[in-house]
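A short write-up of the structure that comes next.
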């Protein structure tokens with residue numbers, strides 16, 4: 001009986017240690033313990049060499065249990081986060097979907113939306129939910145490039161909701177819908193919903209400005225400028241199901257909705273073949289990329305915000321890890337798609353601590 005009690009206590013101690021989480025206040029806690037039992041210290045040295053020698057990364061952090069255990073480059077500088085903006089917008093949506101301001105079942109036609117040279121009747125049937133899932137079936141030209149329309153079917157040839165394609169038309173319209181349905185500015189909402197509650201150290205409202213060619217499409221993009229360490233705060237909020245230091249910033253149910261599979265890796269790989277044999281089988285939720293078909297338990301239920309050139313926030317819930325990295329666009333530095341994937345996927349390989357079931 002005594003042995004059983006001891007075992008229960010030990011299990012509770014291990015469980016508490018695994019799930020213990022801290023949050024940065026005005027600054028991050030840096031854990032430089034070279035004898036950290038959860039990490040292969042020699043492996044992390046190899047990782048640093050890899051980042052220096054084989055990537056164009058300008059800032060990178062690895063966060064474990066709310067503390068920075070690895071950093072490289074300038075993690076304080078604000079710069080363009082490219083398509084990570086889309087995952088940030090998905091987070092902002094939750095509050096207004098839940099209070100009824102945004103109806104995910106409304107169609108483009110019901111919203112009164114059209115575009116340069118018009119939309120097709122089939123395209124106008126797409127719903128808000130299909131737009132934020134990249135399943136609208138609308139293949140109108142993008143006024144702000146960055147999608148994958150080179151893989152698009154012929155306009156009007158697919159039924160709305162039936163086909164996944166990563167298209168900036170969808171994502172830019174998602175921003176327009178957010179602002180018109182809520183009466184709120186996206187950047188003001190980033191500030192009020194994320195930057196202030198998370199105590200972002202480097203956020204600057206003055207840097208944020210919409211862009212796009214309105215002669216092609218009237219829907220502007222909403223580029224965002226964050227620092228690497230502030231991107232990591234976004235990842236840490238997601239890791240903790242929308243809760244920050246005891247306060248629910250985004251509802252847990254909306255986090256679950258964003259990360260629910262809307263497109264499987266099989267369909268994604270079929271529609272956009274560049275992702276086949278990349279080392280990750282991605283599915284897609286509401287503007288977040290989902291790790292699927294994983295064999296290593298350290299990658300279980302992982303997900304990413306991904307941007308061109310090398311901008312990334314990846315969350316590994318099974319090991320309480322967030323990876324954030326930047327490649328400053330002003331330097332004209334670009335990592336290949338494969339390098340961007342490898343930068344993230346190497347991190348769990350250096351983790352040797354307990355893994356959640």
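Values quoted throughout were computed directly from the atomic coordinates according to the rules given, and no laboratory measurement underlies them. Remember, predicted model here, so these are calculated numbers, not experimental data. Positions of Cβ are backbone-derived with ideal geometry, glycine not excepted, and every protein chain shown enters the neighbour counts.
Values for this structure:
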quantity	calculated
Proxy reagent accessibility, fewest Cβ within 10 Å first, across 34, 297	34, 297
Protection-proxy order for peptides 212-224, 131-143, each taking the mean of Cβ atoms within 10 Å per residue, highest first	131-143, 212-224
Approximate shape of region 84-195 as ellipsoid semi-axes (Cα gyration tensor, √5λ), whole Å, largest first	24, 15, 12
Pair residue 42, residue 149: separation of 7 Å Cα→Cβ label points (nm)	5.2 nm
Most fluctuating residue given options 114, 74, 206, as computed from a GNM of the chain linking Cα atoms under 10 Å	206
Backbone N under 18 Å from the residue 32 label point (7 Å along Cα→Cβ), restricted to region 224-249	none
Global form of region 39-133, assessed from the alpha-carbon gyration tensor, a/c cut-off 1.5	prolate
Region 240-357 - Kirkwood radius from inverse mean 1/r over Cα pairs (Å)	15.3 Å
The chain: relative contact order in percent, alpha carbon pairs under 8 Å with at least 6 residues between	21 percent
Residue with peak Gaussian network fluctuation, the chain [Cα springs, cutoff 10 Å], from 278, 83, 27	27
Cα long-axis angle, helix 2-19 against the chain (0 to 90 degrees, to the nearest 10)	40 degrees
Theoretical FRET efficiency, 1/(1+(r/R0)^6), r = Cβ-Cβ of residue 352 and residue 277, R0 35 Å, to 0.05	0.80
Choice from 32, 78, 269 showing the highest fluctuation, given a GNM over the chain with Cα pairs closer than 10 Å	32
Label-point separation, residue 339 to residue 180 (7 Å along Cα→Cβ), nm	4.0 nm
Nearest 10 degrees, 0 to 90: helix 337-349 Cα axis against the chain principal axis	30 degrees
Theoretical ellipticity at 222 nm over the chain - DSSP helices of four or more residues, -39500 (n - 2.57) apiece, nearest 500	-9500 deg cm²/dmol
Folded to 0 to 90 degrees: helix 84-98 orientation relative to the chain principal axis, Cα	80 degrees
Added length on full extension, which subtracts the Cα-Cα distance from 0.36 nm per residue, residue 76 to residue 53	6.1 nm
Relative contact order computed over region 84-195 (Cα-Cα under 8 Å; 6+ residues apart), in percent	26 percent
Gyration tensor (Cα) of the chain, equivalent ellipsoid semi-axes in angstrom	35, 22, 21
Approximate spin-label separation residue 204-residue 267, in nm, with each point projected 7 Å along Cα-to-Cβ	4.1 nm
Relative contact order computed over region 172-286 (Cα-Cα under 8 Å; 6+ residues apart), in percent	18 percent
Residue 101/residue 330 FRET efficiency (R0 41 Å; Cβ-Cβ; nearest 0.05)	0.70
